[in-house]
Amino acid sequence: MRNELAFKRKLAPGGLSEGMLRKYGLILILLLAVVVLSIVSDTFLTFTNLMNVLRQVSINGILAVGMTLVILTGGIDLSIGSLMAVSAVIAASTVSDSSGATILALVLGMLASGFLGGVSGTMSAKLRVAPFVATLAMMTIGRGIALLYTNGRPIIVDSPSFKYLGQGYVGPIPVPVLIFVVIAALVAVLLYRTKFGRYIFAVGGNENASRVSGIRVDRIKIGVYAINGLLSGLAGILLASRISSGQPNSGIGYELDAIAAVVIGGTSLFGGRGSLLGTIVGVLIIGVINNGLNLLDVSSYWQQIIKGVIIAGAVILDQRAKRD
Amino acid sequence: METVLAMNGITKSFFGVKALDGASLEVRRGEVHALMGENGAGKSTLMKILTGLVTPDEGSIELFGERVSIATPQDALRLGIAMIHQELNPIPDMTVAENIYLGREPTRGPFLNRKQLHRQTRELLERFDFHAAPETRVGSLSVAQKQMLEIIKAVSAEARLIIMDEPTSALSDGEVKTLFQTIRALKGQGVPIIYISHRMEEIFSMTDRATVLRDGQYIGTADIAALDADRLIAMMVGRPLEAIYPKERIEPGEVVFEANGLSRKTVFDDITFRVRKGEILGIAGLMGAGRSEVARAIFGIDRLSGGEIRIDGRPVAVRHPADAIRHGIALVTEDRKEMGLVLCRPIRENMTLASLPIDAKGAFVSGRSEAGTVRGLTDKIRIKMRDVNQPVQSLSGGNQQKVVLAKWLLTKPKVLILDEPTRGIDVGAKAEIYRLMSELAKEGLAIIMISSELPEILGMSDRVLVMAHGRIQGEFEGAHLTQEQILACAIGGSHSA
């Protein structure tokens with residue numbers, strides 16, 4: 001018993017007690033979807049298809065992990081699609097110059113998007129612009145930067161090492177999946193093992209009490225938006241690598257899937273309550289259902305309706321769980 | 001006399017903690033029945049069950065001899081159970097008549113029948129001796145009148161049982177008299193009332209019988225005539241309360257904290273005082289005297305526009321609470337929920353929140369050492385909880401306040417500023433906070449206590465400052481200090497020494 005408790009604490013020092021049932025409820029929904037799809041489709045439960053699902057969710061997964069941090073502070077970031085494009089075109093131009101290595105492309109692209117994320121954070125924390133508005137502004141600014149930088153034309157990439165990021169495999173496992181797993185693990189450590197992570201929850205739960213407790217609330221917020229920017233940049237580069245070009249119009253609408261995954265995962269839009277595990281399950285639920293509907297040849301119009309119903313359903317369940 | 005309501009064996013748990021454990025309540029026709037207990041005793045949960053806001057885990061409710069189930073507030077209304085809340089919520093831009101008949105307006109065909117609405121309202125108002133026209137806008141009424149309106153509304157909706165939760169808390173003395181007249185009128189009409197109040201004199205003058213709950217359990221029901229205040233308190237607290245202020249006189253040590261000529265434009269000016277090791281300095285004054293504002297500025301929440309703070313004789317610059325904490329200042333704010341706690345987070349995280357930024361363990365949080373720290377302190381402070389991972393919002397007010405105190409003690413402060421440390425918490429928890437203050441002072445902490453409760457100021461302070469209009473108006477010391485002296489200084493601003 002004692003060992004078991006210690007083990008649980010090791011798993012999630014951030015507090016497994018809260019909404020445990022709800023988390024398991026989500027996992028049950030995921031399992032249910034998997035079981036149903038395995039029965040109705042022959043191809044669903046094959047190794048190739050499952051890897052396919054994971055590869056498809058990894059970009060949204062990275063975005064949703066970053067978005068979780070932002071939403072936990074009580075904020076929101078609408079600009080991530082544009083930040084993806086900024087990072088993608090900068091990275092693509094760096095490798096196609098042939099002077100730069102892939103690593104340099106990654107670093108430059110992510111620094112640019114991380115910086116823009118930090119600017120959104122500063123607007124919201126220091127200048128008291130509501131996050132919705134600050135990042136809405138950044139959404140158009142970022143898109144403009146990407147278009148300006150490329151003159152509106154895609155930058156084609158030939159570099160094999162750059163393409164490897166989005167298209168390569170390590171053994172049977174796609175590289176983006178590995179990157180997603182590493183990012184999720186790093187952010188889990190950040191969120192549950194560091195003071196910074198603890199302050200994210202505190203700031204989202206009660207900003208005033210956090211400030212009175214000696215937390216530099218502004219720095220936490222700016223940091224969170226900057227990290228979210230970095231991760232958006234990484235996701236943008238993976239996307240560019242997948243399609244072998246940096247497109248100034250890439251990433252449009254990606255913020256919606258990321259926010260949807262976080263919300264399905266049970267993180268409160270008011271901040272302070274939620275979990276990374278919930279978000280990851282949310283990402284998988286969206287991915288599995290998308291994949292399943294594709295396999296079943298459901299029209300993409302219907303897919304959108306079904307996804308919307310699932311998001312609304314998840315939030316309704318969340319409300320009911322809170323009421324009791 | 002006929003039993004109107006019988007609640008039996010009511011049990012309800014939240015987050016694994018039993019808020020009610022086999023509680024009972026029996027109310028008879030035409031009586032005013034006091035429901036007594038400390039905060040967290042389960043009074044409000046029992047009333048929430050009666051009004052359909054919470055469903056019980058176990059137990060039965062009988063109304064007029066019939067077993068009923070109350071699953072929603074609509075059920076409660078249908079059964080004729082009405083609650084007059086502490087916070088009233090009439091719609092200010094509608095008239096008295098419209099508010100009373102909201103949702104059940106008299107109609108003629110599909111249209112409102114204004115004439116009938118006003119006639120019915122006028123009759124009703126006359127019955128209760130309520131001097132206002134049916135057309136009066138509710139927003140222009142006084143708090144007491146709004147409360148009367150709620151009661152009249154309940155009666156007009158054929159309430160068969162009325163619950164009043166701290167009905168006099170926002171009323172002036174004159175208004176209280178009016179309320180009591182209304183209650184007597186209701187009583188005369190046979191409507192039973194469940195009356196919740198912490199004010200003893202009201203309990204003894206207005207109620208017929210009292211039921212006491214403690215820790216969610218039924219302690220007893222008695223005729224008020226057979227009780228006195230001491231017996232009633234003993235029932236509520238579970239022990240006699242002879243030593244509520246366990247203040248020990250100790251010889252104060254050297255000066256730890258100095259405020260020299262602190263000012264903040266238009267808020268306070270020329271605030272100068274010193275606090276010694278082991279000393280409790282009380283700061284008294286009326287609301288709006290600028291006491292909390294001084295505390296906020298010392299702590300770096302607001303900016304000072306002039307003056308100097310010294311700790312251990314050295315001047316320190318405080319621009320953010322983080323600076324204050326680093327220099328050994330702690331502040332228990334007056335508003336626990338807004339400024340003190342992150343309500344949705346666990347007790348454990350709240351307790352370590354303020355000490356994390358200053359501990360020397362780098363960027364990481366060690367779960368194991370944190371658990372040890374927290375456990376060591378919860379024993380000393382006696383927080384009533386299931387475990388340290390439950391959210392703070394599941395605790396009662398007194399226990400929440402203890403979590404705030406624990407948080408600040410973990411920063412190992414030299415100076416502890418307490419702003420209204422016992423506001424809104426019950427007698428038992430108050431006594432424990434006083435005991436803790438006394439122990440901390442004995443251990444050498446310098447304590448500044450801002451309080452609007454004069455008995456507390458007199459009972460706990462070694463020395464008392466009185467503030468009015470943003471200035472220190474007087475300083476008092478000694479055992480023969482009286483409430484009248486302090487009050488006179490707080491109101492008149494006389495410069496006595």
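We did not get these values from a lab; they are worked out from the coordinates using the rules stated. From a predicted model like this one, the values you see are computed outputs, not experimental measurements. Ideal geometry is used to build each Cβ from the backbone, glycine not excepted, and the neighbour counts take in all protein chains shown.
With an 8 Å Cα cut-off and a minimum separation of 6 or more residues, compute the relative contact order for the range A:62-209 in percent. Show your work: numbers first, answer last.
Working: 146 pairs, mean separation 46.6, N = 148.
So the answer I get is 31 percent.
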In square nanometres, what is the average projected area of the Cα convex hull of the range A:178-324?
10.9 nm²
Here the whole-number average of other chain Cβ atoms within 10 Å per Cβ of B:320-329 is 3
Give the Rg (one decimal place) followed by the Dmax (whole number) of the range B:255-492, computed from C-alpha coordinates and expressed in Å.
17.5, 55
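Can you pull a Stokes-Einstein diffusion coefficient for the range B:3-237 at 10 °C (1.306 mPa s), Rh from Kirkwood over Cα pairs, as a whole number of µm²/s?
On the way: Rh = 18.6 Å.
Calculated translational D: 85 µm²/s.
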Rounded to the nearest Å, the spacing of the alpha-carbon centers of the range B:415-453 and the range A:62-130 is 49 Å
Sorted largest first, the C-alpha extents of chain B along its principal axes in whole angstrom are 79, 50, 49
With all pairs of different alpha carbon atoms counted, what Kirkwood hydrodynamic radius in Å does the range B:162-269 show?
18.1 Å
Looking at this model, which pairs from B:146/B:177; B:247/B:430; B:43/B:337; B:18/B:43 are more than 19 angstrom apart at the alpha-carbon?
B:43/B:337
Label model pair residue B:13, residue B:28: point-to-point distance (7 angstrom along the Cα→beta-carbon line) in nm is 3.7 nm
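Just need the relative contact order of the range B:3-237 here, percent rounded to a whole number, with Cα pairs under 8 Å and 6+ apart.
On the way: 434 pairs, mean separation 68.7, N = 235.
Once normalised by length, the contact order is 29 percent.
May I ask for the equivalent-ellipsoid semi-axes of chain A, computed as the square root of five times each C-alpha gyration tensor eigenvalue and listed largest first in whole Å? Mind showing how you got there, number by number?
Details: eigenvalues 174, 145, 67 Å².
Listed largest to smallest, the semi-axes of chain A are 30, 27, 18 Å.
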Convex hull (Cα only) mean projected area of the range B:1-56, reported in nm² to one decimal:
4.1 nm²
Over its alpha-carbon atoms, the range B:1-103 yields an Rg and a Dmax in Å of 15.3, 45
Length-normalised contact order of the range B:274-432, Cα under 8 Å, at least 6 apart, in percent, tallies to 28 percent
Take the range A:127-221, compute every pairwise Cα distance, and split them into 10 Å bins from 0; I just need the percent in each bin.
13, 21, 28, 26, 11, 0
For chain A, set up a Gaussian network in which alpha carbons nearer than 10 Å are linked by springs, and say which option among A:288, A:35, A:181 fluctuates the most.
A:35
Whole angstrom only: what separates the Cα centroid of the range B:194-267 from the Cα centroid of the range B:1-34?
23 Å
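Taking chain A, how many lysine pairs are there with alpha carbons less than 15 Å apart, if each pair must be eight or more places apart or span two chains? Spell out each step's value before the answer.
Details: A:8/A:23; A:23/A:322; A:126/A:221; A:195/A:221.
Here the count comes out as 4.
Once the convex hull of the alpha carbons of the protein assembly as shown is built, what does its volume come to per residue, in cubic angstrom? Spell out each step's value before the answer.
Working: hull volume 183.7 nm³, N = 821.
Expressed per residue, the convex hull around the Cα atoms of the protein assembly as shown is 224 Å³.
Can you pull the mean other chain C-beta count within 10 Å for peptide A:197-208? Walk me through the numbers on the way to the answer.
On the way: counts 3, 7, 3, 0, 6, 7, 1, 3, 11, 12, 1, 8.
What the average comes to for A:197-208 is 5.
Packing-wise, with mean Cβ within 10 Å as the measure, how do A:162-172, A:187-197 rank, highest first?
A:187-197, A:162-172
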Which percent, nearest 5, of DSSP beta bridges in the protein assembly as shown are antiparallel?
60 percent
Quick one: check the C-alpha center-to-center distance for the range A:200-228 versus the range A:229-256, whole angstrom.
28 Å
Evaluated over the range A:67-119, the Cα radius of gyration and Dmax, each in Å
12.9, 42
Please find, in a Gaussian network model of chain A (springs between Cα atoms separated by less than 10 Å), the residue of A:89, A:129, A:53 whose mean-square fluctuation is greatest.
A:129
Base-10 log of normalised Debye intensity for the range B:58-189 (one unit scatterer per alpha-carbon) at q = 0.16, 0.17, 0.20, 0.23 Å⁻¹
-0.87, -0.97, -1.24, -1.48
